[in-house]
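Data block below; observations after.
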Amino acid sequence: MARTSFIQTNFTAGEVAETLFGRIDFDRLANGCKRLRNAIVMPQGGVTRRPGTYYVNPTKNPTGNVRLIPFEFSTEQAYIIEVGDLYMRFYRNNGQITSGGPAYEIVTPYAAADIWELSYAQSADTMYFAAKGYAPRKLTRTGHTAWTLTTMSPQDGPFLDINTTTTTLTPSATTGAITVTASAATFAATDVGRQIRIKHTSTWGWCTITAFTSTTQVNATVTGAFAATTASTSWALGAWCSVNGYPRTVVFYEDRLFWAGSTLYPQTLWGSKSGDYERYSPSETDGTVNDSTGIVVTLLSKKVNAIFWLSADASAIVAGTSSGEWAIAASNNNEAITANNVRPRPQTNRGSAQTLPLQVDESILYVHRGGRKVLELSYEFNQDRYVPSDLTILSEFISKGGIREMSFQQEPHRVIWVVLLDGTLIGLTYNKEQKVVAWHKHPIGGTNATVESVATIPAPDGTYDETWFIISRDVDGSRVRYVEYMKKYFSPSTMTDLTDAYFMDSTLQYTGVAASTITGLTHLIGEEVAVLTEAGAVANRTVSAAGEITLTIPRTDVKIGLPFTSLLQPVSPNLQGDSGPSFGQIKRIHKAEVYFFETLGAQYGRDENQLEEILFRAPEDPTGVHPPMFSGIKSLDFNGEYDRICDFIVVQDTPYPMTVLTTVYNGVSHG
């Protein structure tokens, strides 16, 4: 029997898969966790509780798909858009925007069944939307209660290839309202709104169809004057229409707006003129193609797989298809992309899901076509291509439900929040510079709570990023759906300051004169809630049918919300015995040393059924108020059992903070 110890200095591998537990030769396993619940891994290596969520209001509809989309004009002017069945609502400064009382709302064409098809790209006060089955649209903001969603009217394109048949088109006039006559059947009733480009001698003009008369004649309005009214075989029809389909994805790149993935042309990208996002002229009116004209490029592959998404970094546009990822850029890396030098190149054959990717620093994070893996795509200069890396390989179980949506909260801890199709919320602490890739799970407080959507914007004061959620749960016998946002990470000014302690979900806060009855909790009727006052936590209460709770002692600052439990279970320590590692040998832990930081209230044990309180109150601490937080090492006697696997957990189920930096285990090993 040998006395031995094991130290875990960090948790930067996050929650790792059980299939790795036998890899005692794998360095990162020693930095992993068996379970990590409602706590995140900090880039420095420690683990801290996630903040709770703050209640804003219900969504418009309690059923049907609802989604959140971020709209960021600047760090000072950022909004969350609630997109539901045929509507949009807006939020800023932690609240819903209203107009004379009711929520401010605009009408949209997007049915609830289609809102997860939406792709978007923003430039200043304008956001462009693409979706399968919908014409491109743009959302413009001119004020907090002045939003307009209109169908984008592209100018002079994009067009299909120039006609190569003997069919001619003849405009009745060179300007204004005209008719266009074809020498053979060319038009359809679905062509209304479609563009026509016609060349006479060396000059191109174009018009937009306004009415269908027959397969050989349509009415149109001229926007780019024609040079003549004679018949011409040099013409082209618009690429986008209800028959050909509309693009499903959109992105900005090098001061152009690119669209891609229509029904009939699933592998084609269309880029605007440089600096003119709604003009797609394939040439100047004299037919010359220069560096500013529109771009059309098609991915040439053996399989015709639709472009699901577009992203862009400093080097290229990256297109994700079900069979692989492509880079579209200038043929010369030192040039800007143009119609004359555009070059698509295949990069990987991993394949993509439809989930929108994230641009994080120099990397693009996207979901593999199987729907469960998050891949990092980074440009490698030595290979002159984008190289993928699987960020879920150590935690392959974490996204078992399939990934719906991702959002990046850069400040303060660089966490990627991921919503799964089954409503599970997971997080990934991602810091490539420090080699931190750590997954964690986050069961939301409440009965049968699920997360349906996530989006992140800068907080109103600009000092951190604020992540918003749509959360569905059972309350008072009904299924409800709320908009909530995650509070600021805990950062006290003193060891007794709990101002930023929001460790409960769907929280509301009362501040004012001392009161014992707290009202306004109708969103949590019948629920057991945690309560934190300026004096500390009190026993949980149940919200009455009137939406109230009662305190024994009146208080001036009261936070009320749904409790949640944070749990840290490091990987089982591999104690060193006389003959080497204790893997598979009988061993026992009798003491644990845990380095806490700004912590108050926690429990520890072998599992959830064998927990002991950790004492934080000293004899000299005054009664009637919470004791100060603790930073330092707690030496914990551990009544562990002799076993081949020794587990240790730390639990926090009160509305107090907890951060764990390091764990040390002392024990004996037989072997």
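The values are calculated or read from the model by the stated rules, or taken from the named source; none is laboratory data. Quick caveat, the model's predicted, so the values are computed rather than measured. Methodologically, a virtual Cβ is constructed for each residue, glycine included, from the backbone with ideal geometry; neighbour enumeration extends over all protein chains shown. Protein only, heavy atoms only, side chains kept; ligands, DNA and RNA dropped before computing areas. Shrake-Rupley method; radii C 1.70, N 1.55, O 1.52, S 1.80 Å.
Below, the figures for the structure above:
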| read-out | value |
| --- | --- |
| Selection within segment 27-58 - open to solvent by less than 10 Å² (accessible area, probe 1.4 Å) and closer than 27 Å to Ile470 by Cα | Leu36, Asn38, Ala39, Ile40, Val41, Val47, Arg49, Arg50, Pro51, Gly52, Thr53 |
| Answer from Thr167, Thr174 - the residue that is touching a residue at least 12 places away in the same chain (Cβ under 8 Å) and open to solvent by 40 Å² or more (accessible area, probe 1.4 Å) | Thr174 |
| Which listed residue, of Pro282, Pro346, Pro357, is within 22 Å of Met406 (Cβ to Cβ) and touching a Ser or Thr at 6+ places or on another chain (Cβ under 8 Å) | Pro357 |
| Among (1) in a strand (DSSP E or B); (2) in contact with a Phe, Trp or Tyr (Cβ under 6 Å, 6 or more places away or on another chain); (3) open to solvent by 20 Å² or more (accessible area, probe 1.4 Å), the one test that Ile24 misses | (1) |
| Residue within segment 61-73 that is in a helix (DSSP H, G or I), open to solvent by 10 Å² or more (accessible area, probe 1.4 Å) and of a type in the set (Asp, Glu) present | no |
| Residues of segment 491-512 that turn out to be open to solvent by less than 60 Å² (accessible area, probe 1.4 Å) and assigned to a loop (DSSP other than H, G, I, E, B), as a count | 8 |
| Residue in segment 330-359 that is least open to solvent (accessible area, probe 1.4 Å), counting only those that are out of contact with any Pro (no Cβ under 9 Å at 6 or more places or on another chain) and of a type in the set (Lys, Arg) | Arg345 |
| Residues of segment 311-346 that turn out to be of a type in the set (Asp, Glu) and in a strand (DSSP E or B), as a count | 1 |
| Residue that is modelled with the highest pLDDT [pool: residues in segment 283-310 that are open to solvent by less than 70 Å² (accessible area, probe 1.4 Å), part of a loop (DSSP other than H, G, I, E, B) and under 28 Å from Ser323 (Cβ atoms)] | Gly294 |
| Filtered residues of segment 242-260 (kept if hydroxyl-bearing (Ser, Thr, Tyr) and closer than 16 Å to Ile307 by Cα) | Tyr246, Thr249 |
| So Ser544, is it part of a strand (DSSP E or B) and among the small types (Gly, Ala, Ser) | no |
